[in-house]
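Written out below as structure tokens is the structure these notes cover.
The values are calculated or read from the model by the stated rules, or taken from the named source; none is laboratory data. All values reported here derive from a predicted model rather than from experimental measurement. All Cβ positions, even for glycine, are placed from backbone atoms using ideal geometry, and neighbour counts span all protein chains on display. Keep in mind that these areas ignore ligands, DNA and RNA; they rest on the heavy atoms of the full protein, side chains included. Shrake-Rupley method; radii C 1.70, N 1.55, O 1.52, S 1.80 Å.
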Amino acid sequence: MRYIIFLLNFFFAAIAFAQDSPEQTNALKLATDGKIPEAITAFEAILAKDPNNFNAIDIISQLYKSTGNLPMQFKYVSKALALKPNSEAWNYKKAELEIKLGHPDNAITLLDGYMAKNGESAVIHFMKGQALDAQEKYQMAIGAYNKSLKINPEYAQPLYFRAIDFSYLNRYENAIEDFTKVIQAGSELDEIYQRRGFAFHMLGKYAEAIADYGKAIQLNPDNLFAWTNRGVAYSKTGEMEKAAADFKHDIAIHPKNTDAYFEYASLLESQKKYTEALPNIEKAVSLTNSNAMFYAMHAKILLSLDRNAEGLAAAEKILQLQPNSPDGFILKASALQNLDRDAEAITLLTTAIANDPSNYLFYSLRSAVYKKLGKTAEANADNEKAKQLGTK
């Protein structure tokens, strides 16, 4: 079944030459029979004799696409474009491959060159937007999608990717508007509802978010993000049992989804169910060792269980990943204080204050340590400073 689309392409592309040449007829039959390596060898033999056989180049590029061999697909798409340099389709295909191969700048140069010679094109502006997205130039990508939609207002792809870029730029109202237009145009994909749900979520419109996440789940029960995102939205509306059920279901179907473990641990921690929370955050940490937020939750839970030495180690991990993390300073200082390493806690908090003198929590915690040490004047001074900053 995986070759059906390609087989249709083979049929139409090959009509022009397959009837007269036994070699070409045999190569096409190998392709339509699904014998892809053999078909590639046959078409390469044809091209060795006739390097400019465009139909053979077209088909072999599709064959390499079916195998996922991007460099070889790029080679033959480039050959096709050299034969038809003003073809919109082949400029599009080569630019798409440049992006997939990690060269979006080459794609932009190619696409701009095409439009300079042949005029503006909705699909070429769309692909330029894709290249700009690959460079994380989201505002510029939106500009390219705008130009695409100006030429063809019913072109759904630039509308969808413009919506995604609006979300990246925290322009959630714009994102919702575009996602809604895509849905109204007839697209019933779980990813669209999941992304629109997230935009609603970020605006605090949790009922709408829950509805969209639910639709995404209905369309695709295996959606990677909808279950946990809906669980978070449920927790925001106080529906904790539903939230827990969604997190647990996501963990069951996606046992390597770190976000599901983290969010479930966070929910349990908020309910002071620290013993239940601990294995979930430990699983998240075991799956990725580069997320400071995970270590912060790990340290917080460990400290709540009076496992202070382990909590200290987790807090130190935060500061290794983010040397100026407020959570890292606070959690490490709390662990040091709990371990009666008060002088170290004072030194750490003094460093934290030098780094960010506007954070009232640093002063408040240092005040508590000074008070523990009987340094009343220093404790009172820090307490007053914490009050001043806390009211701003």
Can you give me the solvent accessible area of TRP227 with a 1.4 Å probe, rounded to the nearest 10 Å²? 30
What GluC sites (Glu not before Pro) in the stretch 93-136 are in a loop by DSSP, with at most 15 other Cβ atoms within 10 Å of the Cβ? GLU120, GLU136
Would you work out the charge dipole size for the stretch 267-392 about its Cα centre, treating the Cβ of every Lys and Arg as +1 and the Cβ of every Asp and Glu as -1, and quote it to the nearest 20 debye? 240
Take the Cα of THR391, step 7 Å along the line toward its Cβ, and report every residue of the stretch 316-358 whose backbone nitrogen sits under 18 Å from that point. 358
For ALA292 and LYS248, what is the calculated FRET efficiency with R₀ set at 30 Å and r taken between the beta-carbons, to the nearest 0.05? 0.75
What is the ratio of the Cα radius of gyration of the stretch 321-360 to 2.2 N^0.38 Å, where N is its residue count, to two decimals? 1.08
Just to confirm a number: summing +1 for Lys and Arg and -1 for Asp and Glu over residues other than LYS29 whose beta-carbon lies under 13 angstrom from that of LYS29, what do you get? -2
Subtracting the Cα-Cα distance from 0.36 nm times the residue separation, let me have the gained length for LEU101 to GLN139 in nm, one decimal. 11.4 nm
Per residue of the stretch 331-337, in order, report the coupling 6.51 cos²θ - 1.76 cosθ + 1.60 (Karplus, θ = phi - 60°) as ³J(HN,Hα) in whole Hz, putting x for Gly and Pro. 5, 5, 5, 5, 5, 4, 4
Calculate, in nm to one decimal, what ASP112 and GLN218 gain on full extension: separation in residues at 0.36 nm each, minus their alpha carbon distance. 34.0 nm
From the P(r) of the stretch 239-295, can you give the percent of Cα pairs sitting at distances over 16 Å? 36
With the dipole of the chain worked out from charges on the C-beta (+1 for Lys and Arg, -1 for Asp and Glu) around the Cα centre, which of THR25, TYR234, GLN320 lies farthest toward the positive end? GLN320
Could you tell me which residue out of LEU132, MET115, LEU63 lies farthest along the dipole of the stretch 47-172 toward its positive end? Charges go on the beta carbon: Lys and Arg +1, Asp and Glu -1, centred on the Cα centre. LEU63
For the ranges 80-87, 152-159, what's the packing order if you count other beta-carbon atoms within 10 Å of each residue, average per peptide, and put the highest first? 152-159, 80-87
Counting Lys and Arg as +1 and Asp and Glu as -1, what is the net charge of the other residues whose Cβ lies under 15 Å from the Cβ of ARG195? -3
Once ligands and nucleic acids are excluded and a 1.4 Å probe is used, how much of ILE151 is accessible, expressed in Å² to the nearest 10? 90
Projected onto the charge dipole of the chain (unit charges on the beta-carbon of Lys, Arg, Asp and Glu, signs +1, +1, -1, -1), the Cα from ASN338, PRO85, SER364 with the largest positive-side position is that of SER364
Mean accessible area per residue over the stretch 126-226 (1.4 angstrom probe, all protein chains present, square angstrom) is 48
With all protein chains present, the stretch 78-191 has a carbon and sulfur share of its accessible area (1.4 Å probe) in percent of 49
Round to the nearest 0.05 the FRET efficiency obtained for ALA354 and SER304 when R0 = 25 Å and r is the Cβ-Cβ distance. 0.30
Here FRET efficiency (C-beta to C-beta, THR25 to LEU70, R₀ 30 Å, nearest 0.05) is 0.55
Working with all protein chains in place, sort LEU70, LEU389 by solvent-accessible area computed with a 1.4 Å probe, largest first. LEU70, LEU389
Local net charge near GLU177, Cβ-Cβ under 12 Å (Lys/Arg +1, Asp/Glu -1): +2
So what is log10(I(q)/I(0)) for the stretch 60-212 at q = 0.21 1/Å, when the Debye sum runs over its Cα atoms only? -1.21
³J(HN,Hα) computed for each position of the stretch 188-195 - Karplus, 6.51 cos²θ - 1.76 cosθ + 1.60, integer Hz, glycine/proline x: 10, 9, 4, 5, 5, 5, 4, 6
Chain lengthening between ASN380 and ASN338 when straightened (0.36 nm per residue, less Cα-Cα): 13.0 nm
Rounding to the nearest 20 debye, state how big the charge dipole of the chain is about its Cα centre with +1 on each Lys and Arg Cβ and -1 on each Asp and Glu Cβ. 440
Inter-label distance, nm, simple model (7 Å from Cα along the C-beta direction), ALA313/ALA185: 5.3
Which order do you get for LYS332, LYS65 if you rank them by accessible area with a 1.4 Å probe, largest at the top? LYS65, LYS332
